[in-house]
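The values are calculated or read from the model by the stated rules, or taken from the named source; none is laboratory data. Quick caveat, the model's predicted, so the values are computed rather than measured. We place every Cβ from the backbone using ideal geometry, glycine too, and count neighbours over all the protein chains shown.
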Ligand SMILES: *Cc1c(COP(=O)(O)O)cnc(C)c1O
């Protein structure tokens, strides 16, 4: 298959294929990037919804899933939503983001992060990411703000656009916690509200604390490709009781409690997670520790296999963090000479579904004109990141 065996690019692809095959074994069908796994109370809980008729926007599983998520993450308030992007949208509103504001966010992220900023009628201001965590580079962001922003009356103002830079959204890429210590100190210094896009990091800890605890508000996603799925869904997390109450109100059409009158006191959103989906979530959450354990084992196997592949780095959890290893990631060498296409071609053709990182946000047509920092780090990463098959089922359930 490696027709151009003497080409160093193909040689690199061949080495990577050998390493992946040594972990996953040979395959005659395509091994997906990340598959959902149902093996516990999912059928019982969903059937219970059908049997009782509580399938829609209210029901016992919604309340239970919110309690269970708060207990699991250690965040005091969890409000479930229709999807992760909706949760992020409400995060931005609760952070006080107003029309015309700018919001700092990584260029290297899923489009939902930037879209949520646009839904809040604000402008994303893209910043760079670093190769250790794939999260926002705190040092480079500090340097960028020193150049383009000024503190004025307790606000961070963009000196060239005049807009208030209201918030900083950080993202825990593929489950690896970003540098929260440095980034939260930076947010304090620059009077920015810190928001964690924790869509990919359910089960990931930073300094022993679950991601989503440091931001004033944070968002989770339970989309089908995430570590825990409700079909589609998300949650907003906050340790502020007033923001928790506001989040519940805004995501449930801002209805005022009343015996029978339908009265709404502001423009709310129908962002509720149906009981049917919450039931799935309750069952999935019971199995999450087991899935996390197997994903960690898979990551260790990849790490060992890639130790012998010259120039290729398997992305380990950052120091002080425990990653959920949602997607296992390798970084191609910096001087790889456009090997990315060859590597993806080789792995996918051999039955191992592999994907590059997202197209950087500032290259998408709707965001090309947005303000941005120098994005050299993200641009390099976009040519080097390869995600490998990461489903928990790729490791046998541990004997219990
Ligand atoms: C999945 C994801 C989202 C959005 O979640 P949806 O539930 O698909 O709306 C947001 N940000 C990141 C980084 C994600 O990976």
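Miscellaneous remarks
- Filtered residue count, the range 215-225, keeping only those that are within 22 Å of residue 194 (Cβ to Cβ) and either crowded, with 24+ Cβ neighbours inside 10 Å or near the ligand (Cβ under 9 Å from one of its atoms) (or both): 6
- Residue match in the range 34-41 (condition: surrounded by 17 or more Cβ atoms within 10 Å (Cβ to Cβ), within 16 Å of the ligand (Cβ to nearest atom) and outside any helix (DSSP H, G or I)): yes
- Residues in the range 226-242 that are surrounded by fewer than 21 Cβ atoms within 10 Å (Cβ to Cβ) and either modelled with pLDDT under 95 or outside any loop (DSSP other than H, G, I, E, B) (or both): 241, 242.
- Residue in the range 174-188 that is surrounded by fewer than 24 Cβ atoms within 10 Å (Cβ to Cβ), in a strand (DSSP E or B) and within 16 Å of the ligand (Cβ to nearest atom) present: no
- Flag if residue 95 is within 15 Å of the ligand (Cβ to nearest atom), under 23 Å from residue 186 (Cα atoms), at pLDDT 95 or above and crowded, with 23+ Cβ neighbours inside 10 Å: no
- Identity of the residue in the range 161-173, within 16 Å of the ligand (Cβ to nearest atom) and assigned to a strand (DSSP E or B), that ends up farthest from residue 204 (Cα to Cα): 167
- Hey, residue 75 under 30 Å from residue 347 (Cβ atoms) and buried (at least 19 other Cβ atoms within 10 Å of the Cβ) or not: no
- Meets criteria (farther than 30 Å from residue 289 by Cα and assigned to a loop (DSSP other than H, G, I, E, B)) for residue 334: yes
- Some residue of the range 112-135 being at positive phi, at pLDDT 95 or above and surrounded by 22 or more Cβ atoms within 10 Å (Cβ to Cβ): yes
- For the range 268-278, the condition of being within 14 Å of the ligand (Cβ to nearest atom), buried (at least 16 other Cβ atoms within 10 Å of the Cβ), outside any helix (DSSP H, G or I) and within 17 Å of the chain's Cα centre (by Cα) holds for none of the residues.
- Residues considered: 386, 357. Of these, the only one that is under 20 Å from residue 132 (Cβ atoms), part of a strand (DSSP E or B) and in contact with a strand residue (DSSP E or B) (Cβ under 9 Å, 6 or more places away or on another chain) is 386.
- Of all residues in the range 189-211, those satisfying the criterion of being closer than 23 Å to residue 246 by Cβ and either more than 14 Å from the chain's Cα centre (by Cα) or away from the ligand (no atom under 13 Å from the Cβ) (or both) are 191, 192, 193, 194, 210.
- Any hit, the range 293-308, residues being away from the ligand (no atom under 16 Å from the Cβ), at pLDDT below 95 and assigned to a loop (DSSP other than H, G, I, E, B): yes
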